[in-house]
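The block underneath contains the structure these notes are about, expressed in structure tokens.
The values are calculated or read from the model by the stated rules, or taken from the named source; none is laboratory data. A quick note: this is a predicted structure, and the numbers were derived from the prediction, not measured. Here the Cβ positions follow ideal geometry from the backbone for every residue, glycine too, while neighbour counts run over all protein chains shown.
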Amino acid sequence: MAQMLTYTQPTKSKARSLLLECAVRALTERRDESVVVRAGAFDETFRYSVDCLRQHGVQLPDDSALRAEVVRFEALHGATVAAKRPSDLRVLYLCGPEPNNDLDVLVGLGVAPENIWAVESHAETYRAATDQLIRTGRFPKVHRGNTESFFRVVHEQFDFVYFDACGPLLGGQPNTLRSLLALFEHNRLSPLSALVTNFAEPSPQAREAYSRSMCAFFAMRYNDCPRALWDAGADPAISMQSGGDREHLLPYVERNFGATYSDFVTRLVVDVGRQLIPFARAHDIPEVEQQYFAPREQQQETVRRSGIPMPGPQADETSWRSYFERVFTTTGVVNLIPSSYPLLHFLEAADRALLAPFHNYKLSREMLRDAFWSTSLLAQMMNGTADIASPQMMAAVRAHWLDNAMNQYFCDIPFPHLMVSCLLGIYGRPYFVNPRRSTRCRYVAKATPMFADCLVLDQCRYLFDYFPTIDLVPSRMRSVGFQLVARSCIDQIQWHDFSSSTRVFDGAALAGMGALPHSKPHDFEDRVVIE
């Protein structure tokens with residue numbers, strides 16, 4: 001009876017209905033609003049960019065040439081927002097002993113049982129689940145195995161995945177984090193999709209390890225530092241000083257554990273899908289590494305230098321000036337500018353036992369940590385790590401943008417990371433969250449607080465498929481229309497990502513905040529409390 005209550009209590013049922021309805025509606029009737037780059041917002045931004053250049057006296061191609069580029073983009077965009085009915089959606093969820101609890105809601109929302117997969121690893125639970133399905137005459141696909149292996153070997157792609165882990169993020173049996181890493185590594189979500197997650201608050205025995213790990217996660221962040229920590233008096237700037245002072249946040253996190261964990265589970269899952277796995281996956285492809293990066297020996301040397309810690313003052317130091325000169329000339333860039341590498345600091349500083357899934361995770365040919373480190377330095381080459389880039393990447397980065405330091409027409413000039421992120425996105429296939437259409441809730445299962453999210457995700461393939469491969473970039477960049485289409489698309493992505501310290505298109509606004517109706521940051525709304 002106790003196990004039954006875990007799955008059928010009213011609060012759990014309300015959360016389930018809320019999140020699954022959010023996912024189905026986002027991918028069907030609200031599909032055109034669920035993409036990160038909406039058609040109306042793109043058109044508005046593109047027109048603004050053309051008018052702005054004309055006002056500055058820039059010679060532009062005729063309207064037909066500009067329109068031809070827009071039409072190319074619209075064809076790609078239209079493929080993403082093409083209509084789907086609930087019966088078209090392909091869905092995966094974790095089975096448990098009572099598969100009808102979730103199946104009732106999914107079928108009630110119009111999802112076809114034949115398009116539903118359920119996964120269960122425990123033999124006894126699997127038998128209970130299949131017995132229930134046979135008794136009720138329902139026949140989804142039920143896979144006997146764990147989710148990590150399923151994502152690796154079963155070549156299905158889903159419109160949404162309901163990952164009702166029940167255990168805490170970073171923990172659980174099987175490990176919740178490894179399953180998510182495999183989900184994103186093997187690209188098991190459709191280009192426009194939803195990921196529904198449900199994580200338990202960690203047990204009191206694990207709180208110290210989680211508190212320190214969350215300090216490591218938020219120490220190098222500003223916009224996405226939890227509001228509860230701000231309200232309690234924490235100052236993220238202290239944590240973000242060179243080298244990082246994670247201990248500053250610890251007492252605030254301990255006193256606001258639930259509120260901090262609430263943001264942690266959302267932000268970490270988003271970071272895994274948008275940056276961690278895509279960056280590493282691109283580097284893991286041998287041909288991409290060869291085209292994008294310097295030879296492996298040079299990469300390893302750049303990585304080694306980037307991680308050199310900040311030195312302390314020496315006994316014979318003659319002045320503060322000599323000390324600071326030594327700091328700036330010897331400290332590795334990851335420690336000198338820690339706010340540019342929040343995920344790297346998290347991977348290195350969080351509790352080693354909790355982060356074992358990260359450190360032990362192997363892609364097809366290299367370790368996740370190693371691949372991500374190299375790509376992070378490439379993406380932030382402006383910090384002094386350009387020697388990690390290949391000649392082809394340097395040629396692409398040097399391709400002439402209309403807007404630059406000599407001729408600034410728009411709000412932000414395009415720095416090298418915009419080009420690098422576009423080229424990484426072609427192969428890395430990042431998932432960008434749409435906070436406008438995402439929903440988060442909180443409820444209590446027995447005595448355990450649960451944190452559930454419906455994250456609406458968009459791979460923005462209309463941008464990355466529109467972008468050429470690396471050796472074609474210098475030639476393609478001669479098209480003014482291409483540049484304006486790409487910049488208009490990137491502009492909208494960065495507004496949806498504005499609250500994240502790990503946004504890959506940071507500083508990409510064409511119009512200043514509030515200058516256009518769509519030029520405004522989007523962030524998650526507060527969690528709905530279900531009682």
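Okay, here's what the table says:
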quantity: Extreme residue, farthest from the chain's Cα centre (by Cα), among residues of the stretch 105-139 that are modelled with pLDDT of 95 or more, on the phi < 0 side of the Ramachandran plot and in a loop (DSSP other than H, G, I, E, B); calculated: 112
quantity: 1 or more residues of a type in the set (Val, Ile, Thr) and closer than 29 Å to residue 340 by Cα: qualifying helices (runs of 4 or more DSSP H) within the stretch 144-232; calculated: 176-185
quantity: Exclusive hit being part of a helix (DSSP H, G or I), basic (Lys, Arg) and buried (at least 17 other Cβ atoms within 10 Å of the Cβ), set 16, 54, 72; calculated: 16
quantity: Hey, residue 512 part of a loop (DSSP other than H, G, I, E, B), farther than 27 Å from residue 27 by Cβ and in contact (Cβ under 8 Å) with a residue 40 or more places away in the chain or not; calculated: yes
quantity: Filtered residues of the stretch 239-292 (kept if among the basic types (Lys, Arg) and at pLDDT 95 or above); calculated: 255, 267, 274, 281
quantity: Any pair with Cβ under 7 angstrom, 6 or more apart, that starts in the stretch 380-406 at a residue that is assigned to a loop (DSSP other than H, G, I, E, B) and buried (at least 17 other Cβ atoms within 10 Å of the Cβ) and ends at one that is modelled with pLDDT of 95 or more and among the β-branched types (Val, Ile, Thr); calculated: 385/302; 402/480
quantity: Filter result for the condition that a residue is touching a helix residue (DSSP H, G or I) at 6+ places or on another chain (Cβ under 8 Å) and at pLDDT 95 or above, over 72, 47; calculated: 72
quantity: Qualifying residue in the stretch 293-313 (condition: hydroxyl-bearing (Ser, Thr, Tyr) and under 26 Å from residue 503 (Cα atoms)); calculated: yes
quantity: Residue check, residue 414 over 21 Å from the mean Cα position of the chain (by Cα) and in a strand (DSSP E or B); calculated: no
quantity: Which numbered condition residue 188 fails, given (1) within 29 Å of residue 214 (Cβ to Cβ); (2) crowded, with 22+ Cβ neighbours inside 10 Å; (3) modelled with pLDDT of 95 or more; (4) touching a strand residue (DSSP E or B) at 6+ places or on another chain (Cβ under 7 Å); calculated: (2)
quantity: Whichever residue in the stretch 431-487 is of a type in the set (A, V, I, L, M) and in a loop (DSSP other than H, G, I, E, B) and, among such residues, is surrounded by the fewest Cβ atoms within 10 Å (Cβ to Cβ); calculated: 447
quantity: Which listed residue, of 442, 429, is touching a strand residue (DSSP E or B) at 6+ places or on another chain (Cβ under 8 Å), within 30 Å of residue 157 (Cα to Cα), of a type in the set (D, E, K, R) and at pLDDT 95 or above; calculated: 442
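Conditions (1) surrounded by 14 or more Cβ atoms within 10 Å (Cβ to Cβ); (2) among the small types (Gly, Ala, Ser), marked per residue:
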position: 279; (1), (2): yes, no
position: 282; (1), (2): yes, yes
position: 299; (1), (2): yes, no
position: 304; (1), (2): no, no
